Amino acid sequence: MDADEPGWPIIDDFFRTEAEGRAAATVRRYAAVRLRLYAFLDTADMTLGLGTHPADLLEAERQFHTSGAFWTLFGPDELVCCLPSFVHETWLPSGLADARAQVSLAGRLLTHLGQRPELDRQAVSCAMYEAQDAVARARRALGRRAEGPAEQPRMPDRFLQPPGDVW
């Protein structure tokens, strides 16, 4: 990671601001989301968010840089385009609290990016709506996960056989 790349300060400042005044456990959870976001940007397939050619270009850049290739080529506009994949179930942690934190922080990061002066709002307006929709869908899916598995249907009594002779 090169600290001079423009994207790192945006993310670091966002997470620092979000963590201020929070409990230690929450700060640790936010730090884990930040590290997952870095891993996502460094390793994930970005074809859905960027398109085939830019994603191929990113993969080629990753061959030269193990960390920070995303920011070498792209900026906040492309981050907005890629965030829906970050809240997809494949990138969500298995723990419910950690997954909720990731989805919540992704939604707040979208709001934060939307307020940045370097974001080209005309270019990413549709991507912003798609990302907000992805966050909303992820929240609903986590709500269903929190409710637990649906109750297993019970076989009607009329189909149960009476117990047989005991030997």
What accessible area per residue, rounded to a whole number of Å², is obtained for the chain using a probe radius of 1.4 Å?
63
So, with points 7 Å from each Cα along the Cβ direction, the residue 121-residue 56 label distance in nm works out to 3.5
To the nearest 20 debye, the stretch 9-145 has a Cα-centred charge dipole, built from +1 on Lys and Arg Cβ and -1 on Asp and Glu Cβ, of 880
Per DSSP, loop GluC sites (Glu not before Pro) in the stretch 13-85 with at most 15 further Cβ within 10 Å
20
Give the carbon-plus-sulfur fraction of the accessible surface of the chain in %, rounded to a whole number; probe 1.4 Å, heavy atoms of protein chains only.
54
R0 of 35 Å, Cβ-Cβ distance residue 25-residue 66: FRET efficiency to nearest 0.05
0.70
Summing -39500 (n - 2.57) over every DSSP H run of at least 4 in the chain, dividing by its residue total and rounding to the nearest 500, the 222 nm mean residue ellipticity is -21500 deg cm²/dmol
With viscosity set to 1.567 mPa s at 4 °C, what whole-number translational diffusion coefficient in µm²/s follows for the chain from Stokes-Einstein and a Kirkwood radius over Cα pairs?
72
Loop only by DSSP, 14 or fewer other Cβ within 10 Å of the Cβ. Give me the trypsin sites (Lys or Arg not before Pro) in the stretch 9-49 that pass, ordered by residue number.
22
Of the candidates 156, 141, 122, the farthest towards the positive dipole end of the chain (Lys/Arg Cβ +1, Asp/Glu Cβ -1, centred on the Cα centre) is 156
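The values are calculated or read from the model by the stated rules, or taken from the named source; none is laboratory data. This is a predicted model, so every value here is computed, not measured. All Cβ positions, even for glycine, are placed from backbone atoms using ideal geometry, and neighbour counts span all protein chains on display. Heavy atoms of the whole protein, side chains included, go into the accessibility calculation; ligands, DNA and RNA do not. Shrake-Rupley method; radii C 1.70, N 1.55, O 1.52, S 1.80 Å.
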